[in-house]
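S.K.: Sharing a structure, written as structure tokens. Questions coming.
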Amino acid sequence: MASLFSLKRGTPNQTQARIGAAGAAGDPYVGNFMTYTVDFTRSQAIQIPTISRARDLICGMIGCLPIHQYSKQWIDDDYEDVELPDDTWFHQPDPNVTRNFILSWTADDLFFYGRAFWVVTSRFGNGFPATFTWIPASNVQTRDQAGPIYFGVSKEVYFNGTLLNPNDVVQFLSPIQ
């Protein structure tokens with residue numbers, strides 16, 4: 001995962017090349033919304049008004065927050081945060097849905113499952129991710145990590161029974177149980 005978001009040198013090539021990733025061609029279930037499900041425990045929990053309202057407040061707020069990137073720069077005798085130009089995906093990670101949608105469902109998965117997943121659907125010419133799609137955590141199995149606590153990223157990510165390339169999956173892990 002470190003290679004996905006490591007510091008870039010120079011200006012990225014803005015042309016997007018489709019990749020042989022799960023979202024592009026390798027997995028017929030990614031993007032096939034008929035196969036997306038929500039498990040029974042989440043369905044039960046969301047029926048409780050307090051949990052539903054708390055989820056809506058948290059996910060709604062997170063979905064509206066802007067994304068920016070910063071770097072540290074030595075100025076005089078102290079480090080200062082310097083804002084860097086935004087990557088294009090910061091404004092709309094998935095071109096098929098709004099940024100609010102993908103960020104809200106990512107927060108929802110972190111809230112209910114302790115982890116969330118985005119699949120890289122295209123890359124810039126320099127290899128950095130250009131677009132993503134969210135996949136429901138309830139449809140993801142990791143055979144090398146049973147959970148419910150996850151201590152690191154998985155190397156065996158299955159979505160609806162199909163093995164995904166872990167280099168094309170961004171895994172968000174919650175620091176709380």
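Nothing in this text is a laboratory measurement; each read-out follows from the coordinates by a stated rule. Here the structure is a predicted model, which means the values were calculated and not measured. As a convention, Cβ positions derive from the backbone with ideal geometry for all residues, glycine included, and neighbour counts pool all protein chains shown.
S.K.: Work out the FRET efficiency for TYR70 and GLN92 from their Cβ-Cβ distance, taking R0 = 25 Å, and round it to the nearest 0.05. It would help to have the intermediate numbers written out before the result.
M.R.: Values: r = 21 Å, r/R0 = 0.83.
Once the sixth-power term is evaluated, E becomes 0.75.
S.K.: Turning to a different aspect of this structure: Quick one: compute the contact order of segment 131-177, relative version, from alpha carbon pairs under 8 angstrom and 6+ residues apart, as a percent.
M.R.: 32
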